[in-house]
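Data block below; observations after.
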Amino acid sequence: MARLFLHLLAFCTLGLTAACDRAPAPQPEAQGGPALWRVERGAFKGWLFGTIHVLPSGVAWDTPPIRNAMAQADRLILEAADLQDEEKTLGIFEAMGRSPALPPLEQRVPTKERAALLKAVRDGGTSTQLLSGYESWAAAMLLSAASQQALHVSQDDGVEPALIAAFKKAGKPIGGLETVERQFRAFDTLPEAAQARLLVQTVHEADGMKALYDRILTAWLKGDIAAIAREDERGEQPDPVVEEAVLVARNRDWARAIEPMRGQPFIAVGAGHLTGRDNLIDLLKDRGFTITRVQ
């Protein structure tokens, strides 16, 4: 569940909930830092960086190797270049996430899960009346975002805004591997049964979210991708239909998008896409890219 959890973290402060509080943050250990790879094939000589989309304030993640790679890169490639356009993102979310005449939220989960759902909704400071206007995938995102308030993190302190600011200042172009619409469509096209299972898993993870995030953050700051993979194995396993649509299929799309690239792009994607089944690193290796760990 850790990889899917990392993806849902992207929506903590996209306006779906109030801004999160701030708290002191851990720092990378000496000689450590988030995972960074050199990726090469023919005229392609770029970098691949695993990010966390939301962070506490004050995390000094941009180590010398990362800054050096950014300085050498000729452009920045994000998951979706338009994700930082909050108004556009919210517009797409509302258009895709709402449907008329939906059943009440509590009727979309098994009877035995309803008490936990109501508790998660109450603890998150939202309401089933509000969430019932959204399809189950969108309600799960909103509930996850509400629960994330306790993490004391913000997308404003995440990796992507800092990368965008640095590349804009350097006058370098910024692109994306997909669009925000494609990200939401991965959820919107899920069968209702899979959406309901996603909603139940979101409820289950609400109580342990702080501890899980702290473990993932510690592993990310060390560049310990194996530890992030172990979190995925130890937690509740994601629904295979959801995992295929939200993670695996998108990884395949990204590998196809990267394959024809040339030059020296700095590619930054969520760390959850760099571990597990059909992760982006393995897919690029299968296409003949040489991938070397830099940090």
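Of the residues examined, ARG122 is one that is over 29 Å from GLN264 (Cα atoms), open to solvent by 20 Å² or more (accessible area, probe 1.4 Å) and charged (D, E, K, R).
So in the stretch 86-103, with the set limited to residues that are of a type outside the set (A, V, I, L, M) and under 14 Å from THR189 (Cβ atoms), which one is least open to solvent (accessible area, probe 1.4 Å)? The qualifying residue least open to solvent (accessible area, probe 1.4 Å) is GLY97.
Residues in the stretch 244-281 that are in a helix (DSSP H, G or I), over 17 Å from THR179 (Cα atoms) and in contact (Cβ under 8 Å) with a residue 12 or more places away in the chain: ALA271, GLY272, LEU274, LEU280, ILE281. Looking only at residues of the stretch 179-193 that are modelled with pLDDT of 95 or more and among the acidic types (Asp, Glu), we find that the one that is surrounded by the fewest Cβ atoms within 10 Å (Cβ to Cβ) is GLU192. Scanning the stretch 104-137 for residues that are among the acidic types (Asp, Glu) and more than 23 Å from THR189 (Cα to Cα) yields a total of 2.
Residues that are surrounded by fewer than 19 Cβ atoms within 10 Å (Cβ to Cβ), part of a helix (DSSP H, G or I) and among the acidic types (Asp, Glu): does the stretch 57-75 have at least one? No: the stretch 57-75 contains no residue that is surrounded by fewer than 19 Cβ atoms within 10 Å (Cβ to Cβ), part of a helix (DSSP H, G or I) and among the acidic types (Asp, Glu). Can you confirm whether the stretch 41-52 contains a residue that is among the hydrophobic types (A, V, I, L, M, F, W, C), buried (at least 22 other Cβ atoms within 10 Å of the Cβ) and part of a helix (DSSP H, G or I)? Checked the stretch 41-52: no residue is among the hydrophobic types (A, V, I, L, M, F, W, C), buried (at least 22 other Cβ atoms within 10 Å of the Cβ) and part of a helix (DSSP H, G or I). Which residues, taken from the stretch 148-165, are buried (at least 19 other Cβ atoms within 10 Å of the Cβ), at pLDDT 90 or above and either of a type in the set (A, V, I, L, M, F, W, C) or more than 13 Å from the chain's Cα centre (by Cα) (or both)? Those that are buried (at least 19 other Cβ atoms within 10 Å of the Cβ), at pLDDT 90 or above and either of a type in the set (A, V, I, L, M, F, W, C) or more than 13 Å from the chain's Cα centre (by Cα) (or both): VAL159, LEU163.
I'd like to check which helices (runs of 4 or more DSSP H) are fully inside the stretch 120-226 and have at least 1 residues that are in contact (Cβ under 8 Å) with a residue 40 or more places away in the chain and farther than 18 Å from THR89 by Cβ.
Qualifying helices (runs of 4 or more DSSP H): 136-147, 159-169, 192-206, 209-222.
VAL241 meets all of the listed conditions (1) more than 30 Å from ALA60 (Cα to Cα); (2) part of a loop (DSSP other than H, G, I, E, B) but one, namely (2). Scanning the stretch 95-119 for residues that are part of a loop (DSSP other than H, G, I, E, B) and within 26 Å of GLU243 (Cβ to Cβ) turns up SER99, LEU102, PRO103, VAL109, PRO110.
If only residues of the stretch 198-212 that are among the charged types (D, E, K, R) and in contact with a helix residue (DSSP H, G or I) (Cβ under 7 Å, 6 or more places away or on another chain) are counted, the one that is farthest from PRO238 (Cα to Cα) is LYS210. Being more than 21 Å from ALA140 (Cα to Cα) and open to solvent by 20 Å² or more (accessible area, probe 1.4 Å) is the requirement here; does ILE228 meet it? Spelling it out, it is not the case that ILE228 is more than 21 Å from ALA140 (Cα to Cα) and open to solvent by 20 Å² or more (accessible area, probe 1.4 Å). The conditions are (1) at pLDDT below 90; (2) under 15 Å from the mean Cα position of the chain (by Cα), and PHE49 fails exactly one of them. Which is it? Looking at each condition in turn, PHE49 falls short on (1).
The values are calculated or read from the model by the stated rules, or taken from the named source; none is laboratory data. It should be emphasised that the depicted structure is a prediction, and the values quoted were computed from it without experimental measurement. Note that we place each Cβ from the backbone using ideal geometry, even for glycine, and neighbour counts take in every protein chain shown. Keep in mind that these areas ignore ligands, DNA and RNA; they rest on the heavy atoms of the full protein, side chains included. Shrake-Rupley method; radii C 1.70, N 1.55, O 1.52, S 1.80 Å.
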